[in-house]
Amino acid sequence: MADERPLRVHCFAHAGAGVSSFADWNRDLGPGARTVPHLLPGRDARRREPRITEREALLAEMLGHFVQDGDAGPAPYLLYGHSLGALIAYTLTRALREAGLSAPALLVVGACPPPDAALALPDACRAPDEELLRLLGGAGALPGGAKPGGLWHRLVMPVLRDDLVLADALRTAARVPSPAGPLDVPVLAVAGRGDALAPAGEVARWRHWTTGPFALRTVPGDHFFVRGRELPRLIGRASRVVRRLPPVAAGRPAPGGATTAPAQKPTDMKGSR
């Protein structure tokens, strides 16, 4: 019998952001799926909490959300991460496999090159404020009126800087081979057609970060296509495909807490167009 529980779409936002980008997603995901946005410390309702800048602190914050309810059995779920959020979603997926926990049925990464890619803004976390603003502005990644000393600069820049430090830490850690071997979870990579920070050709390189099925899709918009309606509609279609598939089993714990999982040949995903 098919699992009738709503398929959870866990969402992780871009650097400097809260979770407002996902506020209207349930309208476009369609039946059978609902969002579970994850607000990181140091912003919005959690603004007084220390911000996370290291991988281990991130996992301590997040992994507890993905322990399955005992008698309910493993329910399928997706992870969607946008830009920094894509690195968070990948890091969680890998850690879940290494811990022997149920992995997402589908990992969706948006607006983000993979950890080994050359970045459009290298060393952004170490750039002076004026240079960082200039680089982000040139890539269309700043709101209008953002300037040194302005409201956006005072409120958002500290959060953005710490998020860029976290992104750098996650990229570095991801390049260290996992004791569980290559990730075997299906991956859907999404790029904005006008995104100068993460063009489709770079986003497509996520193909090499899983041995499971892979697909690349493009949607209208720049780096912030997460705010449009096409992305949740795409993920809604993918979620309906996922609901027809067998659940992803938990990995088998290996010595030291890692997991072993059978390798699969990369294939293209169908049905999420």
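The values are calculated or read from the model by the stated rules, or taken from the named source; none is laboratory data. Because the structure is predicted, anything quoted here is derived from the model rather than measured. Using ideal geometry, Cβ is built from the backbone for each residue, glycine included, and neighbour counts are taken over all protein chains shown. Note: areas computed on protein heavy atoms with side chains; ligands, DNA, RNA excluded. Shrake-Rupley method; radii C 1.70, N 1.55, O 1.52, S 1.80 Å.
General remarks:
- Tally of residues being β-branched (Val, Ile, Thr) and under 10 Å from Val190 (Cα atoms) across the stretch 207-225: 2
- First in the stretch 7-31 and among the charged types (D, E, K, R), second anywhere and crowded, with 21+ Cβ neighbours inside 10 Å and not in a helix (DSSP H, G or I), Cβ under 6 Å, 6 or more apart: Arg8/Tyr77
- Count - residues of the stretch 146-161 that are within 25 Å of Pro199 (Cα to Cα) and modelled with pLDDT under 75: 1
- Filter pass, Thr218 being in contact with a helix residue (DSSP H, G or I) (Cβ under 7 Å, 6 or more places away or on another chain), open to solvent by 10 Å² or more (accessible area, probe 1.4 Å), within 29 Å of Arg34 (Cα to Cα) and of a type in the set (S, T, N, Q): yes
- Boolean, Gly149 is out of contact with any Leu (no Cβ under 7 Å at 6 or more places or on another chain), surrounded by fewer than 20 Cβ atoms within 10 Å (Cβ to Cβ) and part of a loop (DSSP other than H, G, I, E, B): yes
- Any chance Ala146 is within 16 Å of the chain's Cα centre (by Cα) and not aromatic (Phe, Trp, Tyr): no
- Listed by first and then second residue, the pairs with beta-carbon distance under 7 Å, at least 6 apart or on different chains, first residue in the stretch 181-197 and of a type in the set (Val, Ile, Thr), second assigned to a loop (DSSP other than H, G, I, E, B), are Val185/Ala103; Val185/Pro104; Val185/Thr210; Val185/Gly212; Val185/Val248; Val187/Thr210; Val187/Gly212.
- Residues being surrounded by 18 or more Cβ atoms within 10 Å (Cβ to Cβ) and either of a type in the set (Ser, Thr, Tyr) or without any contact (Cβ under 8 Å) to a residue 60 or more places away in the chain (or both) - total across the stretch 43-58: 1
- Scanning the stretch 170-216 for residues that are aliphatic (A, V, I, L, M), assigned to a loop (DSSP other than H, G, I, E, B) and closer than 28 Å to Ala57 by Cβ turns up Val176, Ala180, Leu183, Val185, Leu197, Ala198.
- The stretch 1-11 - residue that is of a type in the set (D, E, K, R) and part of a loop (DSSP other than H, G, I, E, B) and, of those, least open to solvent (accessible area, probe 1.4 Å): Asp3
- Lone qualifier among Ala189, Ala174, Ala204, Ala200 - being under 20 Å from the mean Cα position of the chain (by Cα), crowded, with 20+ Cβ neighbours inside 10 Å and at pLDDT 95 or above: Ala189
- Applying the set (1) at pLDDT below 95; (2) under 22 Å from Ala111 (Cβ atoms); (3) acidic (Asp, Glu) to Glu4 leaves exactly one unmet item: (2).
- Counting residues in the stretch 240-263 that are at pLDDT below 90, aliphatic (A, V, I, L, M) and touching a strand residue (DSSP E or B) at 6+ places or on another chain (Cβ under 6 Å) gives one or more.
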